[in-house]
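Novice: Sending over a structure as structure tokens; questions will come in a sec.
The values are calculated or read from the model by the stated rules, or taken from the named source; none is laboratory data. It should be emphasised that the depicted structure is a prediction, and the values quoted were computed from it without experimental measurement. With ideal geometry, Cβ positions are generated from the backbone for all residues, glycine too; neighbour counts draw on all protein chains shown.
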Amino acid sequence: MRKPFSQACENNRGPICQILERVLADKNTILEIGSGTGQHAVWFAKKMPHLHWQTSDRIENHSGIKQWLADASLSNLAAPLTLDVSQFDWPQGKYDGAFSANTAHIMSWPEAQQMVCGVASMLADGGIFALYGPMQYSGVIEADSNRAFNARLKAQNQQQGIREFNDLNALASSQGLILCEDNPMPANNRLLVWQKANNNISAC
Ligand SMILES: C[S@@+](CC[C@H](N)C(=O)[O-])C[C@H]1O[C@@H](n2cnc3c(N)ncnc32)[C@H](O)[C@@H]1O
């Protein structure tokens, strides 16, 4: 199989990394959900050597991710876990960070909900969840390009679609994740950052 390549990853990795470097500065173990090609993982693990970056995805993407990991040969980057959010046995409190890019609109809404709930259960207290992608706010998709993208998603699969920020955040909040940041990103994307609260750590 040819090594997969995503131009979008090349374009967005820099702006995403600038924020991750700040919010993950004191974190150690990160689980990425839906690693895709593996390009983000390679870039972020290289730029943040203090992190142990665990890739994951559904099995069909593993061979591509492994090719990127083999070429990068980084000691802080781990081979992909088989992780479908609808079936995964989330290890309680094992990670202090989670990252996912461009997944919530590809998953069905029940799957996106399972991702948020699973991440909340898996994070240690004070842990960070960073979610990147296009969002809609109070039912409005602002950018023309995102409205067209949403229409294409729905035409190919009715279950897919750009997710509502308020729904995601209400669910996250019900699971103990406190919204710390909603960052505007290039190409009409957002990077949402939640922190798992506990009694001793005031979130954010
Ligand atoms: C558009 S790709 C994004 C890949 C990569 N994160 C990026 O930004 O380029 C969507 C990813 O979500 C993953 N995905 C879709 N449904 C999933 C599910 N139920 N559980 C876990 N991953 C899922 C796909 O396998 C794919 O890797």
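Novice: What's the number of the only condition in (1) in contact (Cβ under 8 Å) with a residue 60 or more places away in the chain; (2) at negative phi that Asn102 fails to meet?
Specialist: Unmet for Asn102, out of (1) in contact (Cβ under 8 Å) with a residue 60 or more places away in the chain; (2) at negative phi: (2).
Novice: Whether any residue in the stretch 146-169 is hydrophobic (A, V, I, L, M, F, W, C), buried (at least 17 other Cβ atoms within 10 Å of the Cβ), more than 13 Å from the ligand (Cβ to nearest atom) and not in a loop (DSSP other than H, G, I, E, B) is what I want to check.
Specialist: yes
Novice: Okay, next question. Return the pairs, sorted by first residue and then second, in which the second residue is aromatic (Phe, Trp, Tyr) and part of a helix (DSSP H, G or I), the first residue lies in the stretch 1-27 and is closer than 21 Å to Asn183 by Cα and at pLDDT 95 or above, the beta carbons are less than 7 Å apart, and the residues are 6+ apart or on different chains.
Specialist: Arg13/Trp43; Cys17/Trp43; Cys17/Phe44; Leu20/Phe44
Novice: Of all the helices (runs of 4 or more DSSP H) wholly in the stretch 1-74, which have at least 1 residues that are within 9 Å of the ligand (Cβ to nearest atom) and surrounded by fewer than 20 Cβ atoms within 10 Å (Cβ to Cβ)?
Specialist: Here the list reads 7-23.
Novice: Hey, could you check the stretch 170-198 for residues that are part of a helix (DSSP H, G or I) and in contact with a strand residue (DSSP E or B) (Cβ under 8 Å, 6 or more places away or on another chain) and say which is nearest to Ser108 (Cα to Cα)?
Specialist: The selected residue is Ala172.
Novice: Going by the conditions given, is Pro80 part of a strand (DSSP E or B) and either surrounded by fewer than 22 Cβ atoms within 10 Å (Cβ to Cβ) or within 13 Å of the ligand (Cβ to nearest atom) (or both)?
Specialist: Yes.
Novice: Report, by residue number, each residue of the stretch 142-192 that is of a type in the set (A, V, I, L, M, F, W, C), in contact with a helix residue (DSSP H, G or I) (Cβ under 6 Å, 6 or more places away or on another chain) and more than 23 Å from Arg13 (Cα to Cα).
Specialist: Once the filter is applied, which keeps residues that are of a type in the set (A, V, I, L, M, F, W, C), in contact with a helix residue (DSSP H, G or I) (Cβ under 6 Å, 6 or more places away or on another chain) and more than 23 Å from Arg13 (Cα to Cα), the stretch 142-192 yields Leu171, Ala172, Leu177.
Novice: Looking at the stretch 99-121, is at least one residue away from the ligand (no atom under 14 Å from the Cβ), within 21 Å of Glu181 (Cβ to Cβ) and modelled with pLDDT of 95 or more?
Specialist: There is at least one residue in the stretch 99-121 that is away from the ligand (no atom under 14 Å from the Cβ), within 21 Å of Glu181 (Cβ to Cβ) and modelled with pLDDT of 95 or more.
Novice: Being part of a helix (DSSP H, G or I) and either buried (at least 17 other Cβ atoms within 10 Å of the Cβ) or within 12 Å of the ligand (Cβ to nearest atom) (or both) is the filter here, so list the residues in the stretch 122-145 that pass it.
Specialist: Within the stretch 122-145, just Met122 meets the criteria.
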